[in-house]
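**Q** My questions all concern the structure below.
The values are calculated or read from the model by the stated rules, or taken from the named source; none is laboratory data. All values reported here derive from a predicted model rather than from experimental measurement. Cβ atoms come from the backbone with ideal geometry, glycine included; neighbour counts cover every protein chain shown.
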Amino acid sequence: MSPEPAARVSGGAGSGAVSGSARAVPGAEERAAIADLLHAGLWALDSGDLELYLATFWPEADLSEVGPDGVRRSWSGLAEIRAMSEPRFDGPSRTQHRLSNHLYTARAQAGIPDARGWTVWSYWLTSARDPGTGEVELRMSGHLRDEVEERAGEWRLIGRHLDGWPDDLAHPLAAPAAAADVDVNVSVDAGVAGNVATALDGSTS
């Protein structure tokens, strides 16, 4: 079993922490490693490298999204994630994905059994370039919840959830992380695969 991630404590009396109490946050080296992981995945999406994209997930990882149609879809395990993702990598992407406004919470504090690593909350934005005019347009934006776990010195995703900006979205540090969405698996069929990762590719079709 991998050792528990090194962490420092933020917050406490007079600290101005949102939670109002001390909380664990990743150290500088861990933050850099996690950032490298997340950025590598986005570069893989935008450069069309399916294998590098899949390499950012652990084999038993879960991926879920709430698309523009308001329907929640989820995939469990690398085989399902691959089957859903492959059509997304068929041809030039012409997209750019950006993450910002990162917050970190310890997965163990969310009551997840045997949890290690961190939950990373981010804003995400997808833009696309028109191949004819060269103009760039904003396709989608929302929030992202990544579950990252380190094993033998390597960080990968054990879970990822994409969503828009629902009216009832709570600040990650103001509400218990255990109250976050619980993924419900659905099988990958032609209908789901045809609506490929709408939040990832910015498609509105």
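**Q** Name the one entry in Tyr104, Tyr123 that is aromatic (Phe, Trp, Tyr) and buried (at least 16 other Cβ atoms within 10 Å of the Cβ).
**A** Just a single option satisfies the conditions, and that option is Tyr104.
**Q** Here's another thing I want to ask about it. Among the residues of region 113-133, write down those that are assigned to a loop (DSSP other than H, G, I, E, B) and at pLDDT 85 or above. Before you say what the answer is, go through the steps one by one.
**A** First, the residues of region 113-133 that are assigned to a loop (DSSP other than H, G, I, E, B): 113-117, 130-133.
Residues satisfying the conditions are Gly117, Thr133.
**Q** Within region 177-199, does at least one residue satisfy the condition of being crowded, with 17+ Cβ neighbours inside 10 Å, more than 13 Å from the chain's Cα centre (by Cα) and modelled with pLDDT of 65 or more?
**A** no
**Q** Among the numbered criteria (1) farther than 17 Å from Leu38 by Cα; (2) at pLDDT below 90; (3) in contact with a Ser or Thr (Cβ under 8 Å, 6 or more places away or on another chain), which one does Gly91 miss?
**A** (3)
**Q** Among the residues of region 54-71, which ones are out of contact with any Asp or Glu (no Cβ under 9 Å at 6 or more places or on another chain), part of a strand (DSSP E or B) and either surrounded by fewer than 15 Cβ atoms within 10 Å (Cβ to Cβ) or among the acidic types (Asp, Glu) (or both)?
**A** Pro59, Glu60
So that you can scan it fast, the table gives a plain yes or no per residue for (1) on the phi < 0 side of the Ramachandran plot; (2) surrounded by fewer than 20 Cβ atoms within 10 Å (Cβ to Cβ); (3) modelled with pLDDT of 95 or more:
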position	(1), (2), (3)
Ala24	yes, yes, no
Gly48	no, yes, no
Leu52	yes, yes, yes
Arg73	yes, no, no
Gln96	yes, yes, no
Ala108	yes, yes, no
Gly111	no, yes, no
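**Q** Can you tell me which condition Asn101 does not meet? The list is (1) within 27 Å of Asp167 (Cβ to Cβ); (2) at pLDDT 95 or above; (3) of a type outside the set (A, V, I, L, M, F, W, C), and all the others hold.
**A** Here Asn101 meets the rest and fails (2).
**Q** Another question about this same structure. Of the residues in region 122-159, how many are within 23 Å of Val25 (Cα to Cα) and basic (Lys, Arg)?
**A** Number of matching residues: 3.
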